[in-house]
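Working notes, structure below.
The values are calculated or read from the model by the stated rules, or taken from the named source; none is laboratory data. Just so you know, these numbers come straight off a predicted model, no measurement behind them. Every residue, glycine among them, receives a Cβ derived from its backbone with ideal geometry; neighbour counts consider all protein chains shown. Ligands, DNA and RNA are excluded from the accessible area calculation, which covers all protein heavy atoms including side chains. Shrake-Rupley method; radii C 1.70, N 1.55, O 1.52, S 1.80 Å.
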Amino acid sequence: MTTDSAPVRITRRRLLSAGAVLPVAATAASQLIRRDMPWQEGTAAEPTAATQASQGNQYAFLAAAEAAFVEAAVARIIPHDELGPGALEAGAAVFIDRQLAGEFGRGERWYMQGPWAKGEKTQGYQTRMTPANLYRAAIREIDAAVGHEGKAASFAKLAVAEQDRWLKDLEDGKPQLPTADAKTFFTMLLQNTLEGFWSDPVYGGNRDMAGWKLIGFPGAHYDYTAYVGKHGEAFPLPPTGLGGRPAWRKEGSNG
Amino acid sequence: MAERLPPVDALLVGFGWTGAILGQELTDAGLNVLALERGAWRDTPTDFAPTFAQDELRYYFRHELFERLSHETLTVRNNIGQTALPMRQLGSFLPGSNVGGAGVHWNGQTWRFLPSDFVAHSHNLQRYGKLQQDMTIQDWGVSYDELEPHYDRFEYICGISGQAGNLRGAIQAGGNPFEGPRARPYPNPPMAMSYPPTLFAEAARSLGYKPFPQPSANMSQAYTNPLGVQLGPCTYCGFCEKFGCGNYSKATAQTTILPVLMRKPNFTLRTESEVLKINLDSTGKRAVSVTYVDAAGREYEQPADLIVLTAYILHNVRLLLLSGIGKPYDPVAGTGVVGRNYAYQITSSVNVFYDDKLLNPFIGAGAHGMLIDEFNGDNFDHSGLGFIGGGFIGIVQTGGRPIEMHATPEGTPKWGSAFKKAIARNYLRSTSVVTHGAVMSHRGNYLDLDPTYRDVYGRPLLRMTFDFTDNEHKMSDYLTDKATDLAKAMKPREIKVNKRQGSWDVVPYQTTHNTGGAVMGTDPSTSVVNRYLQSWDVSNLFVLGSGAFPQNPGYNPTGTVAALAYWAADAIRTRYLKAPGPLA
């Protein structure tokens, strides 16, 4: 907060010396910007600050049973196969955990005031649950339904063919879960898995840029000017993330 | 109790493109101008620096630069028979937030509307004899010729890259032959073209069409604008749309006007200051002040001689409704004006998949494409087609950001091994022919205040009642058929046709081209503002932005939003300030 007042103080001084008519005392909670481009050194909001916790596999939000579900589900959504790593190997479960532990999980940017109604399909998300609540409720209720079915104690313990059948049913909105909406949950799980596979590695997924390597996306590459006119030619450089490439790191560094 | 502040000459409510333009023009006229922006300061080096701007998750999927719906949203429904519910998550459109507004994360597709677009009602009536029942289109009250110098001004402020198609009436090879006459060429040459737009242009020529490069606010070369502000050449990094440009290569308020405006002694910006209401005097014909709230929740009354609404269309319209300015539109009676003629855009696409061509979709820019305009506006004979209006068709390679763009052929599942294989096979070898169509205004499509849902201040949310009508579906299907022919002419392995079917859906992103609700015109019974964007009811209040569009033509709106801003500013400077009062 200390940096917040700096530009205000500077502009106030200039304002007073300029003999301006605008009041200054009233605007402490606003930023008054006058005769200035308010540049504050060190305020650039890099994404890494929020995601430094994403090293390692320690889950921040998911409980053990929830983690088992998410790991099993992402492994079926983008499986490991002859093409290489799937979403699980790329860290999508860790990614989802970090997202659920943060602003996304709390639905902080969403309008979450009532009253609540199911609405038309064209009216979009109308669930009262935040993403974190939805994951928690849906996993608990799906695992209970799986257990009730009798083939395994939980989704994660099912054979993969059975897991696929469950995921397909969720996608089609077939299971009537006690509180979570199956289709809404599957839509979110699918989207978050793709995000975990293809977002920048700073968020804990797309480990070793496996998602980008699979398809040939070069990542956060700054300049393609030399390649715009090279029609049909393969782009020769390996992918780069916001934090650079693994090959750029010094031996023993974890940065 | 609101604290009353000393008056200013002119007050701008919202500080995006139109706020920056009006700020620059009105301070040039010598006025003491204050802008109130509800969001925070945003600039290239601090908020989307090139070291971290290319972050698909953060900026698009976590909405870093967009409106926070927890603060304010709107409710949506397709027709008055439904109960409107809040847009809880962003989807169909992405209003901006903070300084620069949606202009920070736009693509830069910078069009002029067709001369006939400005007389849509009289032109179509004359050519086709009658209009569909309940279609409420009307003429704008301003002509293309009147706006031409103002389009020109904006294009030179931005450094638009493009190829003129019509120079003072002479058709130019390689440009859009359907555009209205322009006084001079674009300030910059077209962008270099990547492979997919080039393949589209070849196919279009083979079918007898005249493809041209998309007019682009992404710089094809280094540029210094008339204010002396410098922009750098675009690097085709593919992170324009939904992102801020870290490279000073996309024209935004920040990269074209603010470096000059912010340093002027007669300009002040107050951020984190949200206007709640415009206050009128006892006659109801003069605005005396606005009430705003700062980040600490304190209320202020800010008096001003002249008030200009320069927020996003949805906020401008809502502020009019909340302030009781103008008669709210009633769709049943067909009376009233505020909220009337809300329109949008209708889009569709045809995915194109090759085996034998590497397309490198990640090489892109927001307005980097080749297009045809044969099926836009009234550039073709609509006799017997059952619709009016049209749109452009083409390939715009904005970038191959993989969370968003991973097209798969018909019949591919959305997950699992087959999905993975399809993405791996097609990502580098697919592209998309898009159509971008007009939406005509209709009696049942409008904006008003929601009876149930509230924002953080307890004020009613805006309510949007909107659906595509028969005209839009017929028109979009027609464009999609043409796009399909073009996609086939590109000789791919296969295509997938994505028509826009059914009702408007708030979920999938379509465009942030919301229009209408505060429309301009020459008749106070069918418009909110006169042809100078001046309120009919309150003559010291001007309402800018795409809310003035009586219906939405088949182009991206920003070029016209900006041209109208310069047009209104010119009227204020040359006429209003000399004799404050109604201009029409």
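When a 1.4 Å probe is rolled over the protein heavy atoms, the share of accessible surface on the protein assembly as shown that falls to carbon and sulfur comes to 52 percent.
Listed values for the stretch B:573-578 are Karplus-derived 3J(HN,Hα) couplings in whole Hz (6.51 cos²θ - 1.76 cosθ + 1.60, θ = phi - 60°), namely 5, 8, 10, 5, 5, 6, and x replaces Gly and Pro. For the stretch B:260-292, a reduction of at least 50 Å² in accessible area between the chain on its own and the assembled protein chains (probe 1.4 Å) is found at B:Met262, B:Arg263, B:Pro265, B:Thr268, B:Arg270. Calculated over the protein assembly as shown, the projected area of the Cα convex hull averaged across directions stands at 34.5 nm². As I understand it, the value is the acute angle between the Cα axis of helix B:558-571 and the longest principal axis of the Cα atoms of chain B; what does it come to in degrees, rounded to 10? Relative to chain B, helix B:558-571 is tipped by roughly 30 degrees. The distance linking the stretch B:29-45 with the stretch B:442-498 is 33 Å (Cα centroid to Cα centroid, whole angstrom). The dipole here belongs to the stretch A:173-241: it is taken about the Cα centre, uses +1 on the Cβ of Lys and Arg and -1 on the Cβ of Asp and Glu, and is about 240 debye. When the alpha carbon gyration tensor of chain B is reduced to an equivalent ellipsoid, its three semi-axes come out at 36, 26, 24 angstrom, largest first.
Compared with the dominant principal axis of the Cα atoms in chain B, helix B:470-489 is inclined by about 40°.
Put simply, chains A and B cover up around 7800 Å² of each other's accessible surface, both sides summed, when a 1.4 Å probe is used. Counting only heavy atoms of the protein chains and using a 1.4 Å probe, B:Arg77 has close to 20 Å² of accessible surface.
Contact residues in the stretch A:219-241 by the 50 Å² criterion (accessible area, 1.4 Å probe, full protein complex versus chain alone): A:Tyr222, A:Tyr224, A:Val228, A:His231, A:Gly232. In whole angstrom, note down how far apart the Cα centers of the stretch B:212-291 and the stretch A:186-255 are. That distance is 32 Å.
Residue ranking by accessible heavy-atom surface, 1.4 Å probe, largest first, among A:Glu233, B:Glu241, B:Glu64 comes out as A:Glu233, B:Glu64, B:Glu241.
In this view, the solvent-accessible surface of B:Arg153, computed with a 1.4 Å probe and all protein chains in place, comes to about 90 Å². For chain B, the longest principal axis of the C-alpha atoms and the axis of helix B:17-28 are separated by about 50°.
In the full protein context, the protein assembly as shown carries 35 Å² of accessible surface per residue, based on a 1.4 Å probe and ignoring ligands, DNA and RNA. Dipole orientation for chain B: of the candidates B:Ala102, B:Pro460, B:Ala343, B:Ala102 has the Cα lying most toward the positive pole (charges on Cβ; Lys, Arg +1; Asp, Glu -1).
Buried on complex formation within the stretch A:114-128 (loss of at least 40 square angstrom of accessible surface versus the isolated chain, 1.4 Å probe, ligands and nucleic acids ignored): A:Pro115, A:Thr122, A:Gln123, A:Tyr125, A:Gln126. Taking the centroid of alpha carbons for each part, the stretch A:56-81 and the stretch A:84-139 are 15 Å apart. Taking only the Cα atoms of the stretch B:482-584, the ratio Rg/Rh comes out at 1.20, with Rh defined as the Kirkwood radius. Rounded to the nearest 20 debye, the dipole magnitude of the protein assembly as shown is 540 debye, with +1 charges on Lys and Arg beta carbons, -1 on Asp and Glu beta carbons, and the Cα centre as origin. Each residue of the stretch A:147-156 was assigned a 3J(HN,Hα) from its phi angle through the Karplus expression (A = 6.51, B = -1.76, C = 1.60, θ = phi - 60°), giving x, 5, 5, x, 8, 7, 6, 7, 4, 5 Hz with x at Gly and Pro. Spherically averaged projected area of the convex hull of Cα atoms, the stretch B:27-137: 12.4 nm².
Think of it as helices only: each DSSP H run of n ≥ 4 in chain B is worth -39500 (n - 2.57), and spread over all residues that comes to -6000 deg cm²/dmol at 222 nm.
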